[in-house]
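Q: Dropping the structure in here first, questions after.
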Amino acid sequence: MGEIRGKVKLMNLLDETRFRHGELTKEDIRTYEADAMVDTGAVRSVIPSHVLQKLGVRTRGTRVAEYADGRKDTVGISEGILFDVLGRDTIEEARVLGDEVLIGQTVLGKLDLLADCANRRLVPNPAHPDQPVSKVK
């Protein structure tokens, strides 16, 4: 399987909320756009510390992250960030580490996006092409 990458727009959640409440202009929302790696083996999403700073978001604590090679490390966890992929958005906290944005399973699941490995791209779930649908039981 080849690497899958996708465009993601990250937004400061507090700024976006203040915009919706009429307290900021759209131009005042701190954003960061990236060609992110899609990692279906990672549960949570990752952003580097320079992205955290660009967004003006702080860490709200730490969590233990386990790497693919079995190593474990304590890393920062961000405040809420708005992830926008293919015009679908969700609120997510991210692990702060590494040097690139990584999209994990929780964002993919909440946005109802699938990894098209043959064409190395993200696609909306064909059962729900117009909007994400979440199962509730």
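The values are calculated or read from the model by the stated rules, or taken from the named source; none is laboratory data. Since the model is a prediction, treat every value here as computed from it, not as a measurement. Heads up, the Cβs are rebuilt from the backbone with ideal geometry, glycines too, and the neighbour counts pull from every protein chain shown.
Q: Of the residues in the range 7-35, how many are farther than 22 Å from ARG60 by Cβ and touching a Lys or Arg at 6+ places or on another chain (Cβ under 7 Å)?
A: Of the residues in that region, 2 qualify.
Q: Looking only at the range 79-137, count how many residues are among the hydroxyl-bearing types (Ser, Thr, Tyr) and touching a strand residue (DSSP E or B) at 6+ places or on another chain (Cβ under 7 Å).
A: 2
One line per residue, one yes/no per condition, for (1) touching a strand residue (DSSP E or B) at 6+ places or on another chain (Cβ under 8 Å); (2) of a type outside the set (Ser, Thr, Tyr); (3) in a helix (DSSP H, G or I):
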residue: ARG5; (1), (2), (3): yes, yes, no
residue: LYS9; (1), (2), (3): yes, yes, no
residue: PHE19; (1), (2), (3): no, yes, yes
residue: LEU24; (1), (2), (3): no, yes, no
residue: GLU27; (1), (2), (3): no, yes, yes
residue: TYR32; (1), (2), (3): yes, no, no
residue: ALA36; (1), (2), (3): yes, yes, no
residue: THR40; (1), (2), (3): yes, no, no
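Q: Which ones in the range 70-79 are modelled with pLDDT under 95 and small (Gly, Ala, Ser)?
A: Hit for the range 70-79 is GLY70, nothing else.
Q: Right, here's the next one. So, in the range 25-35, exactly how many residues are under 15 Å from ALA94 (Cβ atoms), touching a helix residue (DSSP H, G or I) at 6+ places or on another chain (Cβ under 6 Å) and either loosely packed, with under 11 Cβ neighbours inside 10 Å or of a type in the set (Val, Ile, Thr) (or both)?
A: Selection size over the range 25-35: 0.
Q: Something else about it: Consider ARG88 carefully, then state whether it is within 27 Å of SER134 (Cα to Cα), basic (Lys, Arg) and surrounded by 15 or more Cβ atoms within 10 Å (Cβ to Cβ). Outline the logic, then answer.
A: Numbers: within 27 Å of SER134 (Cα to Cα): yes; basic (Lys, Arg): yes; surrounded by 15 or more Cβ atoms within 10 Å (Cβ to Cβ): yes.
When the stated conditions are applied, ARG88 passes them.
Q: Considering every residue within the range 12-24, establish whether at least one is of a type in the set (Val, Ile, Thr) and either touching a residue at least 24 places away in the same chain (Cβ under 8 Å) or loosely packed, with under 14 Cβ neighbours inside 10 Å (or both).
A: Scanning the range 12-24 turns up no residue that is of a type in the set (Val, Ile, Thr) and either touching a residue at least 24 places away in the same chain (Cβ under 8 Å) or loosely packed, with under 14 Cβ neighbours inside 10 Å (or both).
Q: Considering only the range 90-112, state which residues are over 9 Å from the mean Cα position of the chain (by Cα) and closer than 29 Å to THR74 by Cα. Before the answer, list the steps.
A: At the first step, the residues of the range 90-112 found to be over 9 Å from the mean Cα position of the chain (by Cα) are 95-100, 105, 109-112.
Matches in the range 90-112: ARG95, VAL96, LEU97, GLY98, ASP99, GLU100, GLN105, GLY109, LYS110, LEU111.
Q: Sticking with this one: List every residue pair whose Cβ atoms lie under 7 Å apart, where the two residues are 6 or more positions apart in sequence or sit on different chains, the first residue falls within the range 56-69 and is within 26 Å of LEU82 (Cβ to Cβ) and at pLDDT 90 or above, and the second residue, located anywhere, is aliphatic (A, V, I, L, M) and assigned to a loop (DSSP other than H, G, I, E, B).
A: Cβ pairs passing all conditions: ALA65/LEU97.
Q: I would also like to ask the following. Which of the numbered conditions does THR62 fail, given that it passes all the others? Conditions: (1) outside any strand (DSSP E or B); (2) more than 24 Å from GLU3 (Cβ to Cβ).
A: THR62 satisfies every listed condition except (1).
Q: If we scan the range 45-54, do we find a residue that is in contact with a helix residue (DSSP H, G or I) (Cβ under 6 Å, 6 or more places away or on another chain) and in contact (Cβ under 8 Å) with a residue 24 or more places away in the chain?
A: Within the range 45-54 (the criterion being in contact with a helix residue (DSSP H, G or I) (Cβ under 6 Å, 6 or more places away or on another chain) and in contact (Cβ under 8 Å) with a residue 24 or more places away in the chain), the answer is yes, since at least one residue qualifies.
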